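What follows is a single structure, written as structure tokens, with notes after it.
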Amino acid sequence: MKKLISVILVIAMLFAFTACTITGDNNDANKSQNADADLYAEYTAVPYAVGDEIYEEYIELIEGEDLSELKIGMILVGDEEEGYSLAHMTGIEKMCDLFGIDKETQLVYKKNIGESDECLDAAKELVDDDCTIIFANSFGHEAYILEAAELYPEVQFCHATGFQAASSGLENVCNYFNNVYESRYISGIYAGYKLVEMMEENPETVVDGKITIGYVGAYPYAEVVSGYTAFYLGVNSVLTAEAEEAEDVEDAEDVEDAEDAEEPAESEEVVESEDAEPVEDEDKKADENEDKKADEDEDEKADEDEDEKADEDEDEKADEDEDEKADDKEEAAEPVKLEMKVKFTGSWADQALENDAANALIAEGCVLISQHADTTGAASACEAEGVYDVGYNVTMTEAAPNYAITSATLNWASYYSYAVANFVAGNELEVDWSEGYATGAVKITEVNKAAFHKAETYNKAVEAANEAIEGIIDGTLHVFDISTWTVEGKTITSTKKKAYKDMYHGVQYIMEDNNGVKYFAESTIASAPAFAFDIDGIVKLTDVD
């Protein structure tokens, strides 16, 4: 399917751009350019990517093992038509290819399995089909997977997005998830630079000092809250950085102006007359000189008064200019305020509901939309309305070839390779596994150059995103750094307070790194996301159970 999407995208882009440039405003088609030219010659930056080297240790771990009798079960809440389940299918099949496992005979799917007794029945059928390691991919499957694990202690069960394995007392069940909040933050950086480009092209994008974006969420679970908060923080990091850069430029210009003002004025040459007047009667001459001196003194006093008045006016004007410049500088230094409106659908995957939610957000003034929902419904609405889109799980360029920027996604092959290799080798699996960019477990889909009108903007976005990824990997950047967000104007310094008892049950999620940076340690105490604060700048329009 991805190959088909790529082919369609290439054809669409060639058709759209053989007669168009990538400049102009959002809804204005682009002007003609030479079809033989390299349309993206200036798009030089390359987004961060991980190769197959991340799987080498797992391949080495099973070297010499006979996998011909191994059977693997996979319980999916959806199927290949639903992005989240498709991502899982892509990941587990990648693992099969790497390990030489026959996908047709050794991998058994149970698709479109609801979060009900249907899940337990599916698990039983997979056991009867001789599967010895079974995966389930939906949050609501957990209770039924725990029940199955208790019934079949000889079978290894692995459940995605859950949190109860560690407390279950069962040795044959574990939870797993990926640090998708990392890739949501990175996708937010790309969205942020698109907003910068939009504001440059159309200042009316900013209303009363604020720019508004939207987010289509499935449910108000921590998994969704964590994701949309990370996305918001990624976008806001760009707006803040751009404001600081503008302030630095302004400061440099002030220094240059001050240096120019300090240059001494050229001295006036005094020219003395070479002609001498003849000598006259001394008394008459003295009287004339005295009268002349009096006139000169009077003229000089008048000139001094006039000069003094001019100096006062000049000083007053300079003070006004300085005050005006200070006001302008203060205004320029303040970043555009970012607001994000969130609308929930009450479903993980419903094309119509996601389309409706996106349209409602657009009607609310949102100029860019992202999502934690599993279909192309939101992307389709964005394409129809000329609003930029950041998707989830899979590329949205087929649904929104002109307005899809990228999608935050998960590389499930990272976990499935880890789990199957260690299971075959007889190693105990981590009860709570969660990894991100450091192991290639998360990423973004290919960035759609057609969504950017300027190569400069695209290149800056890629470079900033790559730098952020490096920071996430080496631990110098924390997505939920507490200095970057507040709740009702206050910084959260501890989750052990009584006010958060129901949220965190006395567990401390605020940690400090070696450099003294405090942050909310997402997906470290448990694999399932836990960030559930409603931070300032994010407005929930609807709520669902």
request  = Once you have all Cα-Cα distances for region 428-545, histogram them in 5 Å bins from zero and send the whole-percent values.
outcome  = 2, 8, 14, 17, 17, 17, 12, 7, 3, 1, 0
ask   = With no solvent and one point on each alpha carbon, what is the Debye value of log10 I(q)/I(0) for region 178-229 at q = 0.16, 0.19, 0.32 Å⁻¹?
value = -0.59, -0.75, -1.20
inquiry  = How large is the Kirkwood hydrodynamic radius of region 47-94, counting all unique pairs of alpha carbons, in Å?
reply    = 13.4 Å
note = With label points set 7 Å from each Cα along the Cα-to-Cβ direction at HIS505 and ILE473, the distance between them in nm comes to 3.5 nm
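GluC sites (Glu not before Pro), restricted to region 111-173: which are DSSP loop and have at most 14 other Cβ atoms within 10 Å?
GLU154, GLU171
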task = Starting from the Cα of GLU245, step 7 Å toward the Cβ, then list every residue of region 410-447 with an amide N under 11 Å from that point.
result = none
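Over region 414-467, what percent of the accessible surface lies on carbon and sulfur atoms, probe 1.4 Å?
On the way: 770 of 1900 Å².
Solvent-exposed carbon and sulfur of region 414-467 make up 40 percent of the total.
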query = Quick one: length gained pulling ASN514 to ASP102 fully straight, 0.36 nm per residue minus the C-alpha distance?
reply = 143.7 nm
note = Among the Cα-Cα pairs of region 417-485, the proportion with separation greater than 19 Å, in percent, is 56 percent
note = Sorted by chain and number, the residues with a modelled amide H under 5 Å from that of TYR388, at a separation of 5 or more or across chains, are ILE369
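With a 1.4 Å probe and all protein chains left in place, how much of the accessible area of region 161-200 comes from carbon and sulfur atoms, in whole percent?
Exposed carbon and sulfur together represent 45 percent of the surface.
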ask   = Which number comes out as Rg/Rh for region 57-207 once both Rg and the Kirkwood Rh are worked out on C-alpha atoms?
value = 1.13
remark   = Taking placed amide H atoms and a strict 5 Å upper bound, the residues 5 or more places from GLY537 or on another chain that come that close are none
inquiry  = Taking just the alpha carbons, could you work out the radius of gyration and Dmax for region 374-489, both in angstroms?
reply    = 17.9, 54
note = Along principal axes, largest first, the alpha-carbon spread of region 81-146 in whole Å comes out as 33, 28, 18
inquiry  = If I model a spin label as a point 7 Å beyond the Cα along the Cα-Cβ vector, how far apart are those points for ASP66 and GLU446 in nm?
reply    = 4.3 nm
query = Label GLU428 and VAL207 with points 7 Å out from Cα along Cα→Cβ: what is the distance between them in nm?
reply = 5.7 nm
request  = For region 420-460, compute Rh as the Kirkwood radius over C-alpha pairs and then the Stokes-Einstein diffusion coefficient at 37 °C and 0.692 mPa s; write the answer in µm²/s, rounded to an integer.
outcome  = 235 µm²/s
inquiry  = Could you tell me how many cubic angstrom of Cα convex hull volume region 119-190 has per residue?
reply    = 93 Å³
request  = Roll a 1.4 Å probe over the protein heavy atoms and report the accessible area of LYS497 in Å², nearest 10.
outcome  = 100 Å²
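What translational diffusion coefficient, to the nearest whole µm²/s, does region 382-445 have by Stokes-Einstein, given a Kirkwood radius computed over alpha-carbon pairs, a temperature of 20 °C and 1.002 mPa s viscosity?
Answer, rounded: 156 µm²/s.
The values are calculated or read from the model by the stated rules, or taken from the named source; none is laboratory data. Every value quoted in this text rests on a predicted model; they were computed, and no experiment measured them. Note that we place each Cβ from the backbone using ideal geometry, even for glycine, and neighbour counts take in every protein chain shown. Protein only, heavy atoms only, side chains kept; ligands, DNA and RNA dropped before computing areas. Shrake-Rupley method; radii C 1.70, N 1.55, O 1.52, S 1.80 Å.
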